[in-house]
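The values are calculated or read from the model by the stated rules, or taken from the named source; none is laboratory data. Because the structure is predicted, anything quoted here is derived from the model rather than measured. Positions of Cβ are backbone-derived with ideal geometry, glycine not excepted, and every protein chain shown enters the neighbour counts.
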Amino acid sequence: MDASCGILARYRDWMDLPPHTRDLDLCEGHTPLIPVPRLARRLGGGFDLYVKYEGLNPTGSFKDRGLVVAVAEAWGRGAQAVICASTGNTAASAAAYAARAGLRAVVVVPQGKVALGKLAGALAYGARVVQVRGSFDDALALVREAVARFPIALVNSINPYRLEGQKTAAFEIVDALGRAPDWLAIPVGNAGNITAYWMGFQQYHQAKGTGLPRLLGVQAEGAAPLVHGREVARPETIATAIRIGRPARGKEALQAVQASRGRIIAVPDEAILEAQAWLAQEGLWVEPASAAGLAGLVAEIRRGRLDPRGKTIVVVCTGHGLKDPDIVLKRHEALPLIEPDLDALQPWLMT
Ligand code: AN7
């Protein structure tokens, strides 16, 4: 297959991959870095604020950067099937790239806790979707057992090639701005992505002197093991993507945050929903977990713990709003229903 438009074509030389890694792509990556000046003004102004809109990847989340590489490596190694535990986005992405490579995909998800668009995606791409009675953490423990016993390739972010792919988002931000931002605000679940971004910023900085951002990692209050310093047995949050109590890359994430002179904080679900609404008011609909980075930034600025003035700040929005339509529909009243005549419509036209 001719990989010409995705992150392997663009950044392979910057990734540490075994030579057997195949070419594979769905033209993932090169997502836009969107200026949101009005949002910056809502936060006091005097700084440059951007959204890295990862929802525009082929399956609607940043996971595509990691899965294209993990699947390309597994495929080149001769694997015939891949497996992951997932809160949903990894599942959809693994399913898509496995389909592209002609491999089987098995995805293991927590029962009843996966947003509609993710589940439908995984099924549409032809994955075998298995629900477990338990959390994401239980699903991941089970998948780790499975790969120890069966010839099936693990594509969760424990897989190092996932991070090699995901770090390309940091490259793109630096390529777009000409240097690293001062702050990067990013949601944290299993903690692979924040770890990957730090790898990317560091690598570019070492090669090109492009600087390093301070990292603001953001967890949901009901699923904040890295903030509270202990595992959460029963994580709970409306942001189901980051409903994770035992992050596989927790240690690396904490090290990255510390090295960057940043921090990881927790925000309540209401703050996540407020941030989701603010982004939608800019024309950017993202799924709840995706809005956590902005929610964290808002909280830190309001508390006076982060002075944005004169800074360049990037908020990473990890997944598209279409992934989780339920959350929006549930928060709206029943829609008006009228006869198809102008008199009935008129009250809806003015003010
Ligand atoms: C939209 O799909 O863990 O901290 O199984 O879907 O790298 O885990 C998803 C995570 C943020 C957190 N935003 O990233 C999965 C899964 C969205 C996500 C995260 C996820 P990590």
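A few points about this structure:
- The residue that is nearest to T90 (Cα to Cα), counting only those in the range 225-240 that are away from the ligand (no atom under 13 Å from the Cβ) and not β-branched (V, I, T), is E236.
- So L39, is it of a type outside the set (S, T, Y), away from the ligand (no atom under 13 Å from the Cβ) and not in a loop (DSSP other than H, G, I, E, B): yes
- Scope the range 5-17; condition more than 14 Å from L163 (Cα to Cα) and either at pLDDT below 95 or assigned to a loop (DSSP other than H, G, I, E, B) (or both); matching residues: C5, G6
- Condition check for V51: buried (at least 24 other Cβ atoms within 10 Å of the Cβ) and within 28 Å of I301 (Cβ to Cβ): yes
- Qualifying residues in the range 171-198 (those that are among the charged types (D, E, K, R) and assigned to a helix (DSSP H, G or I)) - the one farthest from Y161 (Cα to Cα): D175
- Selection from the range 232-248 of residues that are surrounded by fewer than 24 Cβ atoms within 10 Å (Cβ to Cβ) and either β-branched (V, I, T) or in contact (Cβ under 8 Å) with a residue 24 or more places away in the chain (or both): V232, R234, I238, G245, R246, A248
- Any hit, the range 139-147, residues being under 20 Å from A292 (Cα atoms), modelled with pLDDT of 95 or more and either hydroxyl-bearing (S, T, Y) or outside any strand (DSSP E or B) (or both): no
- Some residue of the range 181-201 being among the polar types (S, T, N, Q) and more than 14 Å from the ligand (Cβ to nearest atom): no
- Filtered by the rule that a residue be assigned to a loop (DSSP other than H, G, I, E, B), within 21 Å of R144 (Cβ to Cβ) and either within 15 Å of the ligand (Cβ to nearest atom) or among the β-branched types (V, I, T) (or both), the range 101-122 gives Q111, K113, V114.
- Restricting the range 123-137 to residues that are touching a residue at least 60 places away in the same chain (Cβ under 8 Å) and assigned to a helix (DSSP H, G or I), the residue that is nearest to the ligand (Cβ to nearest atom) is F136.
- Flag for A98 being hydrophobic (A, V, I, L, M, F, W, C), in a helix (DSSP H, G or I) and more than 16 Å from the chain's Cα centre (by Cα): yes
- Selection of the range 184-209 for residues being among the aromatic types (F, W, Y) and buried (at least 24 other Cβ atoms within 10 Å of the Cβ) yields Y197, W198, F201.
- Of the residues P308, P347, P340, the single one that is more than 23 Å from L177 (Cβ to Cβ) and part of a loop (DSSP other than H, G, I, E, B) is P340.
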